[in-house]
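So the structure is just underneath, and the comments pick up after that.
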Amino acid sequence: MAGNVAVPLYQQVKEDIKAAIEQGKYKPKEKIPTEPELSAEYSVSRITVRRAVEELCSEGYLVKMQGRGTFVSSPRVHRKVREGKQIQGFTQCCEEQGMKAGAKLLNRMIVPARADEQAFFGVGQDGLLLYIQRLRTADGLPVLLENIFLPYMEYRELMEAELTDCSIFGAIERIGGRKVEALARRTLEITRASAEEARLLAVPAGEPLFYLNAYFTDREQRPVCIGRQYYVGSRYLFEI
């Protein structure tokens, strides 16, 4: 570690460990040296090492596992935000990057359509939607909370369908016969994890999350579903 009196010691340690990760010295899912070992290696206090490691954890480079130590995080899932209104699903993203996509069903119920949903699906105030919530993982690591809304009558068979470890777009096509191929509109903003979202995504409460609100259509621009997804910012990267 090159000395630089203008840069705090913890920052120098942090940047050195980060460079070691980016250069492949520490590989994904590999355990890094303990605090005492890093303290000796860099000739700094354990408090300095701890702060460097905590910042790398908050930025998504490292992850602490209770009773096991600190490990290099899995690579972030990269999603390409393509030109125009084409889409790329989570399962496809993972497959392209050699990662195993997973899905755990959390909730499935019939709900009344809200104002924006009524307008998008063309249903009245008494319109009913099927709401499906799943936890999506990449190589076993929680990455996003998936919230999907669809017209109930058209997709009621999804109430009984097996939705574990599969593409929701694939399931929608099998049941409804229409493929999700485009976006009517989408918004992306930053929010913070609620206590429940933090519990499900295994992050601290208040952790920054991407919130993607997307209105999906088929090739003929007919409405198919709405997705309201919460992505862990440190585990997901949007390529624009």
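Structure above, values below:
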item	result
Residue that is surrounded by the most Cβ atoms within 10 Å (Cβ to Cβ) [pool: residues in segment 45-60 that are more than 18 Å from the chain's Cα centre (by Cα) and hydroxyl-bearing (S, T, Y)]	T48
Index of the failed condition, Y231 passing every other in (1) crowded, with 17+ Cβ neighbours inside 10 Å; (2) in a helix (DSSP H, G or I)	(2)
Residues within segment 106-128 that are touching a Leu at 6+ places or on another chain (Cβ under 7 Å), open to solvent by less than 70 Å² (accessible area, probe 1.4 Å) and not charged (D, E, K, R), tallied	3
All positions within segment 26-44 that are under 32 Å from the mean Cα position of the chain (by Cα) and either touching a residue at least 40 places away in the same chain (Cβ under 8 Å) or open to solvent by 20 Å² or more (accessible area, probe 1.4 Å) (or both)	Y26, K27, P28, K29, E30, K31, I32, P33, T34, E35
Failed condition for L150, given (1) within 30 Å of G60 (Cβ to Cβ); (2) part of a strand (DSSP E or B)	(1)
Within segment 173-202, tally of residues that are in a loop (DSSP other than H, G, I, E, B), surrounded by 12 or more Cβ atoms within 10 Å (Cβ to Cβ) and without any contact (Cβ under 8 Å) to a residue 40 or more places away in the chain	2
Residues that are in contact with a strand residue (DSSP E or B) (Cβ under 8 Å, 6 or more places away or on another chain) and either over 21 Å from T91 (Cβ atoms) or open to solvent by 80 Å² or more (accessible area, probe 1.4 Å) (or both), drawn from segment 206-228	G206, E207, P208, R219, Q221, P223
Scope segment 15-61; condition β-branched (V, I, T) and outside any helix (DSSP H, G or I); matching residues	I32, T34, V44
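The values are calculated or read from the model by the stated rules, or taken from the named source; none is laboratory data. None of the values given here were measured: they were computed from a predicted structure. Heads up, the Cβs are rebuilt from the backbone with ideal geometry, glycines too, and the neighbour counts pull from every protein chain shown. Ligands, DNA and RNA are stripped out before the accessible areas are found, and what is left, the full protein with its side chains, is counted by its heavy atoms. Shrake-Rupley method; radii C 1.70, N 1.55, O 1.52, S 1.80 Å.
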